[in-house]
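So the structure is just underneath, and the comments pick up after that.
The values are calculated or read from the model by the stated rules, or taken from the named source; none is laboratory data. This one's a predicted model, so the numbers in the text were calculated from it and none came from an experiment. Cβ placement follows ideal geometry from the backbone for every residue including glycine, while neighbour counts extend to all protein chains displayed. In case anyone asks, the SASA skips ligands and DNA or RNA and just uses the protein heavy atoms, side chains included. Shrake-Rupley method; radii C 1.70, N 1.55, O 1.52, S 1.80 Å.
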Amino acid sequence: METRDFVLLAYDAFGGEIQGKTKLQKTIYFLGVMSGNVDELGYMPHYYGPYSPEVADVNAELKSLGFLEESVAGGGAVNPEGFEIVRYDYRLTDAGRRIAEQRRKRHADEWKALREKAAIMEKAGDLGYMELSAAAKAYFVLKQHGRKTTLKTVREMASRFGWSLGKEELDKAAHFLKTIALVTLS
């Protein structure tokens, strides 16, 4: 399945909307991991964890085609560094929902699997973008390590990518990853 269809169906699997660019990236990342498509999505290390320029481009394309509408939330708040805090939320338009319906039919088996993976993620809890980022960073490090390891080693390896994962943050990430059946904890 093309990245465009994967992203479009991911929106559809989550009720047609995803709040925030970071949450979008991490949601697609985990759906890609869980469905075995993550390599095709072009994820690489980035400040907030795994990031795909390809997914960002597809998102912009879907918006320019009128399949997504973008809204801005949180304008006016300022972080400690003096930058305005803004969140970009995305929602399928009516045209986007019609295209998604066509893609569901074209990719019926993949759609069913994608919806099942989305349901598993939803059941694990609605993580904020920071928690989802921590979980994505932890899983990315684990995949790079390629074998069983400790949370302490994950924290140490994360620093190689410029990522900092605190103990509490990593504990929550580990719980999420266990809940969606990507890791086992002993």
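Calculated [222 nm] ellipticity per residue, helices only, for the chain: -18000 deg cm²/dmol; basis is -39500 (n - 2.57) per DSSP H run with n ≥ 4, divided by all residues, nearest 500.
For the chain, what does the alpha-carbon gyration tensor say about shape, rounded, prolate or oblate, given a ≥ b ≥ c as the root eigenvalues, a/c under 1.5 as rounded, and a/b over b/c as prolate? Judged from the Cα gyration tensor, the chain comes out oblate (a/c at least 1.5, b/c at or above a/b). By accessible area, using a 1.4 Å probe on protein heavy atoms only, the stretch 15-59 has 48% of its surface on carbon and sulfur.
Restriction of the GluC sites (Glu not before Pro) in the stretch 1-51 to DSSP coil positions whose beta-carbon has at most 15 other beta-carbons within 10 angstrom yields 2. Of all aspartates and glutamates in the structure, those lying under 12 Å Cα to Cα from residue 167, and not within fewer than 8 positions of it along the same chain, are 156. Rounded, prolate or oblate: which one fits the stretch 139-186, using the alpha carbon gyration tensor with axes a ≥ b ≥ c (rounded when a/c is under 1.5, else prolate when a/b beats b/c, else oblate)? Because a/c hits 1.5 or more and a/b fails to exceed b/c, the stretch 139-186 counts as oblate. Per-residue surface analysis assigns residue 39 an accessible area of about 140 Å², computed on protein heavy atoms at 1.4 Å probe radius.
Assuming a ≥ b ≥ c are the square roots of the Cα gyration tensor eigenvalues, decide whether the stretch 1-104 counts as rounded (a/c under 1.5), prolate (otherwise, with a/b larger than b/c) or oblate. In terms of gyration-tensor shape, oblate. Hey, how many Å between the Cα centroid of the stretch 38-78 and the Cα centroid of the stretch 105-178? When both Cα centres are located, 18 Å separates them. Tilt of helix 53-64 relative to the longest C-alpha principal axis of the chain, in degrees (0 to 90, nearest 10)? The angle comes out near 30 degrees. Here residue 73 and residue 97 are evaluated by their C-beta separation; at R0 = 22 Å the FRET efficiency comes out at 0.55.
Other residues within the sphere of radius under 15 Å centred on the Cβ of residue 91, judged by their own Cβ, net out at 0 (K and R +1, D and E -1).
Between residue 119 and residue 2, the simple spin-label model (points 7 angstrom out along Cα→Cβ) gives 2.9 nm. In this structure, the pairs whose alpha-carbon distance is over 20 Å, taken from 26/143; 112/143; 63/137; 117/152; 105/178; 21/148, are 112/143; 63/137; 117/152; 105/178; 21/148. Hull volume per residue, based on the alpha-carbon atoms of the stretch 93-186 and their convex hull, is 136 Å³. In this Cβ point-charge picture (+1 for Lys and Arg, -1 for Asp and Glu), the chain has a dipole of about 660 debye about its Cα centre. The portion of the accessible surface of the stretch 100-165 made up by carbon and sulfur, rounded to a whole percent, is 47 (1.4 Å probe; DNA, RNA and ligands excluded). The mean accessible area for residues of the stretch 44-186, using a 1.4 Å probe and ignoring ligands and nucleic acids, is 63 Å² per residue.
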